[in-house]
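The values are calculated or read from the model by the stated rules, or taken from the named source; none is laboratory data. Worth saying up front: this structure is predicted, and the values here are computed from it rather than measured. Every residue, glycine as well, gets a Cβ built from its backbone with ideal geometry; the counts of neighbours run over all protein chains shown. Note: areas computed on protein heavy atoms with side chains; ligands, DNA, RNA excluded. Shrake-Rupley method; radii C 1.70, N 1.55, O 1.52, S 1.80 Å.
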Amino acid sequence: MTTFDKFRKYVITEFVGDLPPLVVERAEGATITDSSGKSYVDAFAGIAVCNAGHGNPEVLAAAHAQLDRLVHCGTYLYPNAPAADLAELLAKIAPGRLRKSFFGSSGAEANETAIRLAKQFTDRTEFIALYGSFHGRSLATLSVSGLSNRKRRGGPYMPGVAFAPAPYCYRCALGLKPKGCGLACAEAIEEIVRCATSGAVAAFIVEPVQGEGGIIVPPKGYLRAVKDVLDRHGILLIVDEVQTGFARTGWMFAVEPEGIVPDIMTLGKGIANGLPLSAMVTRPEIAAAFKPGDHLSTFGGNPVCCAAALAAINFYRREKIAELSRRKGAWLLCELRRRLKGKKSVGDIRGRGLMVGVELVKDKSKTPAPELAKKVQARCRERGVLVGIGGTFGNVIRIQPPLVISDDQLAKVGDVLCRSMT
Ligand code: PMP
């Protein structure tokens, strides 16, 4: 039996539908090689994870060295150096007074922790989240996710969650145009607190740029305006940087240029460049709301993952990967806008850093074209480029490569994508 057939037969893949006929054998930098020896430019980085490049030598060396010393002892049973050093480094680079970290193994776990802690700190139980948001596949994190295609047949969900319109200017839920809208979607949160909640909201959870929702980049000042509303009601701000963190958007953290400091920040994906690790970072006084017995994670803060994360973050900082991401992302946006200008099937091209989305439509009335997105993805794959898909309608091509992708490789991504559009 081929690996592909064996995988299909014994791994539960029913939830992914058709799998691409591709068995990954190895990867290096922004190149993935399949079992037939064919290589691809990876423009999705394992869902925006391998920011420092596949097989980054520094990350591998740190993980290898730690593997030989200690794999697991239960980070919350006995302290270990990699977890302590990583928490110290996160305290140094996180905004404001976010100084204490909890470590988990997945983005969902970090967000679950944030939801639980926000309840305990505020003594409130309600939440507000955005249309189109995605925060994980566990029950609480799906409850605060605003994507019905991810929530289908999984309910009932956690009560006490209200949703606010996303800053999705191409399809403004309030029917406004970006110029002169007065950030009405941020202001709407005031009315949502008043009319759709009991008023006792623990936290508002938000991605600085929505990833799964289709690379939704908010207009300038959006998060600042949201924070002002939250402050009036004593509502905590949880910023989910699981996908945007670690230089993805051209900043170490996407909130940095927004002029706000979250109360809680969650991290995952790029934190350890592919080893399973996540973190929730908060102020000491908020962390203090946890009492003995309230929380734990068996694998969370695994020493090998923490050692890899330390190496990955040192790499991002030393090599100024955020600036690289900003520069390369700006080039790609320009290139795509130039080459796809006037193309009927291209509704919108948007992004920040190397987090770029191309929204595909059928006509001028913006009818979503999810089938076309799948076709474009398959054509790109045949031509040696791997891209992702997202969006509330599944009609957004996502370009989120390893941030170390070379200029030539990125040019190939742009060229192949444009040629695959028809
Ligand atoms: N938050 C965001 C913003 C994400 O994009 C994701 C995953 N795509 C998650 C949380 C969940 O992360 P994980 O799959 O590691 O649980």
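Hey, among the residues in the stretch 64-98 that are among the β-branched types (Val, Ile, Thr) and assigned to a loop (DSSP other than H, G, I, E, B), which one's nearest to residue 251 (Cα to Cα)? So that I can check it myself, show each step before the final result.
Filtering the stretch 64-98 down to residues among the β-branched types (Val, Ile, Thr) leaves 71, 75, 93.
Narrowing the set further to residues that are assigned to a loop (DSSP other than H, G, I, E, B) leaves 71, 75.
Values: 71: 32, 75: 29 Å.
Result: 75.
Hey, does the stretch 112-125 have a residue that's in a helix (DSSP H, G or I), within 16 Å of the ligand (Cβ to nearest atom) and in contact with a Ser or Thr (Cβ under 6 Å, 6 or more places away or on another chain)? Yes, the stretch 112-125 has at least one match.
Give me a count of the residues in the stretch 269-288 that are open to solvent by 20 Å² or more (accessible area, probe 1.4 Å) and part of a loop (DSSP other than H, G, I, E, B).
Just the residues of the stretch 269-288 that are open to solvent by 20 Å² or more (accessible area, probe 1.4 Å), to begin with: 269, 274-276, 283-285, 287-288.
Applying the additional criterion that residues be part of a loop (DSSP other than H, G, I, E, B) yields 274, 276, 283, 288.
Residues in the stretch 269-288 being open to solvent by 20 Å² or more (accessible area, probe 1.4 Å) and part of a loop (DSSP other than H, G, I, E, B): 4 in total.
Screening residue 74 with (1) at positive phi; (2) surrounded by 15 or more Cβ atoms within 10 Å (Cβ to Cβ) gives one miss only, at (2).
Any residue at all in the stretch 87-103 that's free of Cβ contacts under 8 Å to residues at least 12 places away in the same chain, away from the ligand (no atom under 16 Å from the Cβ) and out of contact with any Leu (no Cβ under 6 Å at 6 or more places or on another chain)? Yes, the stretch 87-103 has at least one match. For the stretch 21-37, the count of residues that are out of contact with any helix residue (DSSP H, G or I) (no Cβ under 8 Å at 6 or more places or on another chain), among the hydroxyl-bearing types (Ser, Thr, Tyr) and open to solvent by less than 60 Å² (accessible area, probe 1.4 Å) is at least one. Evaluated against (1) open to solvent by less than 10 Å² (accessible area, probe 1.4 Å); (2) out of contact with any Asp or Glu (no Cβ under 8 Å at 6 or more places or on another chain); (3) within 16 Å of the ligand (Cβ to nearest atom); (4) closer than 17 Å to residue 98 by Cβ, residue 237 falls short on exactly one condition, (2).
Only a single criterion out of (1) under 24 Å from residue 187 (Cα atoms); (2) within 16 Å of the ligand (Cβ to nearest atom); (3) in contact with a helix residue (DSSP H, G or I) (Cβ under 8 Å, 6 or more places away or on another chain) is not satisfied by residue 131, namely (3). Of the strands (runs of 3 or more DSSP E) that lie entirely inside the stretch 137-249, those containing 2 or more residues that are under 30 Å from residue 43 (Cα atoms) span 201-206, 236-240. Taking the listed residues 375, 341, 412, 366, the one that is in contact with a Ser or Thr (Cβ under 9 Å, 6 or more places away or on another chain) and open to solvent by 10 Å² or more (accessible area, probe 1.4 Å) is 375, with no other qualifying. Scan the stretch 152-164 and give yes if some residue there is assigned by TED's automatic domain parsing to the domain that holds residue 207, of a type in the set (Lys, Arg) and touching a residue at least 40 places away in the same chain (Cβ under 8 Å), otherwise no. Taking every residue of the stretch 152-164 in turn, none turns out to be assigned by TED's automatic domain parsing to the domain that holds residue 207, of a type in the set (Lys, Arg) and touching a residue at least 40 places away in the same chain (Cβ under 8 Å). Considered as a group, the residues in the stretch 134-165 that are more than 12 Å from the ligand (Cβ to nearest atom) and of a type in the set (S, T, N, Q) include one that is least open to solvent (accessible area, probe 1.4 Å), and that residue is 143. Counting only residues that are within 24 Å of the chain's Cα centre (by Cα), among the charged types (D, E, K, R) and surrounded by fewer than 20 Cβ atoms within 10 Å (Cβ to Cβ), the stretch 189-226 holds 2 of them.
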